Amino acid sequence: ETGVTQSPTHLIKTRGQQVTLRCSSQSGHNTVSWYQQALGQGPQFIFQYYREEENGRGNFPPRFSGLQFPNYSSELNVNALELDDSALYLCASSSGGTGFSGNTIYFGEGSWLTVV
Amino acid sequence: AQSVTQPDIHITVSEGASLELRCNYSYGATPYLFWYVQSPGQGLQLLLKYFSGDTLVQGIKGFEAEFKRSQSSFNLRKPSVHWSDAAEYFCAVSSGEYGNKLVFGAGTILRVKS
């Protein structure tokens, strides 16, 4: 039990639609990030949020966007869904801030997205 | 750019046998290194991490890993595997650029036979 909860656990969307995934961080964690894990691959960093602002992004297009709320919970939004967006989306939280602090990063169980 | 290679996609070991999972990283400076485990239906759980100091680090569940700078490796070991260790294992590296940015390998699936 990591204290990071994600919803929904599974969902199916049609190509071209939009999806919102939600994450509730562990209490006291001010930094949240999102990862995409395609089948048979390791997780890939999408972006990081700290104090409600994005402060780091991986190699993902702008149709991947996010929000962080004052209570540190977060959303991942993906517009214009493509078949290749089918993956497990993981939320991770820590109390580290923008830079690396050495604090443990805790992952949620993920949201499985299938695009048909 | 950082990268992580886990050469073994699948490994099968007998229960009670020793285990070594390989990890090689590519990064210019001293990296921050991690091993995570992912069981079906569960998120990633941190097994251990290396930042500096003693190159042999101990983790949870009886796992240990050794950092070898000359070989750019951070292999995970366990002296005696239990059936409950069957899972997928990921090695990861951080440059410290962003707090939560980790670069993961593709993972190694561990099967334990009784």
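Selection of the range A:69-107 for residues being touching a Gly at 6+ places or on another chain (Cβ under 7 Å) and modelled with pLDDT of 95 or more yields A:Ser74, A:Glu75, A:Leu76, A:Asn77, A:Ala80, A:Leu81, A:Leu88, A:Tyr89, A:Leu90, A:Cys91.
Taking the range A:45-68 as the range and being within 12 Å of chain B (Cβ to nearest Cβ) and assigned to a loop (DSSP other than H, G, I, E, B) as the test, the residues that pass are A:Arg51, A:Gly58, A:Asn59.
If the condition is being surrounded by fewer than 19 Cβ atoms within 10 Å (Cβ to Cβ) and either touching a Phe, Trp or Tyr at 6+ places or on another chain (Cβ under 7 Å) or assigned to a strand (DSSP E or B) (or both), then the range A:27-44 contributes A:Asn30, A:Gln44. Can you say whether B:Glu15 is charged (D, E, K, R), over 23 Å from A:Gly110 (Cα atoms) and more than 12 Å from chain A (Cβ to nearest Cβ), as far as the supplied structure shows? It is true that B:Glu15 is charged (D, E, K, R), over 23 Å from A:Gly110 (Cα atoms) and more than 12 Å from chain A (Cβ to nearest Cβ). Screening A:Leu88, A:Leu81, A:Leu113 for residues that are part of a strand (DSSP E or B), away from every other protein chain (no Cβ under 11 Å), touching a residue at least 24 places away in the same chain (Cβ under 8 Å) and farther than 17 Å from A:His29 by Cα leaves exactly one candidate, A:Leu113. Report yes if some residue within the range B:67-75 is within 10 Å of the chain's Cα centre (by Cα), of a type in the set (Lys, Arg) and at negative phi; otherwise report no. There is no residue in the range B:67-75 that is within 10 Å of the chain's Cα centre (by Cα), of a type in the set (Lys, Arg) and at negative phi.
The values are calculated or read from the model by the stated rules, or taken from the named source; none is laboratory data. Predicted, not measured: the structure shown is a model, and the values here were computed from it. Virtual Cβ from ideal backbone geometry, glycine too; neighbours counted across all protein chains shown.
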